[in-house]
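Trainee: Please find one structure pasted underneath; my questions will follow.
Derivation of every value follows stated rules applied to the coordinates shown; laboratory data play no part. Values in this document were obtained by computation on a predicted structure and should not be read as measured data. Because the Cβ atoms are built from the backbone with ideal geometry, glycine has one as well, and the counts that use them run over all protein chains shown.
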Amino acid sequence: MKNLFPIAAVVAATLSLAACDSKTATTGEARTTPDAEAMGKTDSAKIDEAAPTSGTAAVAADEANAKPGPDPSTIPAAKAGDAAAIYARPQVPILCYHQIRDWTARDSKGAKDYIIPIAAFKAQIKMLADSGYHSIQPDQLYAYLTTGAKLPSKPVMLTFDDTDLDQFTIARPTLAQYGYKGVYFVMTVSLGRPHYMTKDMVKQLSDEGNQIGSHTWDHHNVKKYQGKDWETQIDKPTKTLEDITGKKIKYFAYPFGLWNTQAFPELKKRGFVAAFSLAEKRDQQDPLFTIRRIIASGYWSPRTLHNNMVQSF
């Protein structure tokens, strides 16, 4: 267990957010739906190797041919819907992962929600592919939310917070098996430290077509920012990530999923076009800056993950 941040201390705060939306099931086999793993196996058995139409092979083929979404700056304001139109569009399932490693005796019961065992993570991603889900990137989501642009069938966004090394060593090759791309929200204070990614790893992820977003300098709660905090937590980390990737950093994830409306104009004037929270309900006046995600719990089987995706979004 790493000691850079008091994970156990923040677990309760973040878990409370996961229960804020009344539709979100946070534990257990929440309701009776077809077993996603069984569905995936059935689909896979029917695959025609010459022309796959469902399951893992079809998803991988579609992912390989997928086109990136337009850069948000190319979407004219006149074509973008207002807040009400954006809020009214059906939400896309967005999963949030943290550490991907096997549990140890030192891991608390609460921390295990944020630590997904390696085999469980691989099983969850396989279920998504076998069930026909296609990964999307934030530019695609932005175009869909603002203009109604078409998304691939059964879209899902796979996001990773906090820059943990296992996101590179475990998540990256696992997603690559299915042609999936991820969104990595980087906390820059951790770059190059033990058990965290290096700058070269972040650049490689970006070069391979994954999205790099900002997750502040040291995970400081946005609701408490004052004075120089915006420079320390947002401006400097943004420049660091842009120097690493050579690309504009357009997307932000709130530490602990915590946000307030005062943050929206500050993020906008710094060039961010959308921001991601956790399970808390969206702000109806600015839904692009309160895009919901759910934490993929370390306790969840593939079936439970699927049930929660269906219920939450």
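Trainee: Out of every Cα pair in the stretch 164-243, what percent are spaced more than 18 Å from each other?
Mentor: Here the tail beyond 18 Å accounts for 42 percent of pairs.
Trainee: Rounded to the nearest 0.05, what FRET efficiency do A64 and Q262 have when you use their Cβ-Cβ distance and R0 = 45 Å?
Mentor: For R0 = 45 Å, the calculated efficiency reads 0.60.
Trainee: Suppose the Debye formula is applied to equal point scatterers at every Cα of the stretch 235-304; what is log10 I(q)/I(0) at q = 0.17 Å⁻¹?
Mentor: Cα-only, vacuum Debye calculation for the stretch 235-304: -0.70.
Trainee: Only four residue types carry charge here, +1 at the Cβ of Lys and Arg and -1 at the Cβ of Asp and Glu. Report the dipole size of the stretch 119-188 about the Cα centre in Debye, rounded to the nearest 20.
Mentor: It comes to approximately 320 debye.
Trainee: Beta carbons within 10 angstrom, averaged per residue: use that to sort the peptides 149-158, 110-119, highest first.
Mentor: Ranking the peptides 149-158, 110-119 by packing returns 110-119, 149-158.
Trainee: For E242 paired with S73, estimate the spin-label separation in nm (one decimal), with each label point 7 Å from Cα along the Cα-to-Cβ line.
Mentor: 0.9 nm
Trainee: Quick one: if the Förster radius is 25 Å, what FRET efficiency do R270 and H195 give, using the C-beta to C-beta distance and rounding to 0.05?
Mentor: In this case the efficiency is close to 0.30.
Trainee: Which order results if F313, F185 are arranged by neighbouring Cβ count within 10 Å, fewest first?
Mentor: In increasing order of surrounding Cβ atoms, one gets F313, F185.
Trainee: Can you give the Rg to Rh ratio for the stretch 175-313, taking only C-alpha atoms and Rh from Kirkwood?
Mentor: 0.97
Trainee: What is the spin-label model distance, in nm, from Q285 to L151 if the labels are put 7 Å beyond Cα along the C-beta direction?
Mentor: Result for the modelled spin labels: 2.6 nm.
Trainee: Further, regarding this structure: In the structure shown, do any of K112/K203; K248/K268; K112/K224; K203/K236 have a Cα-Cα gap over 20 Å, and if so which?
Mentor: K112/K203; K112/K224, as the Cα separations exceed 20 Å there.
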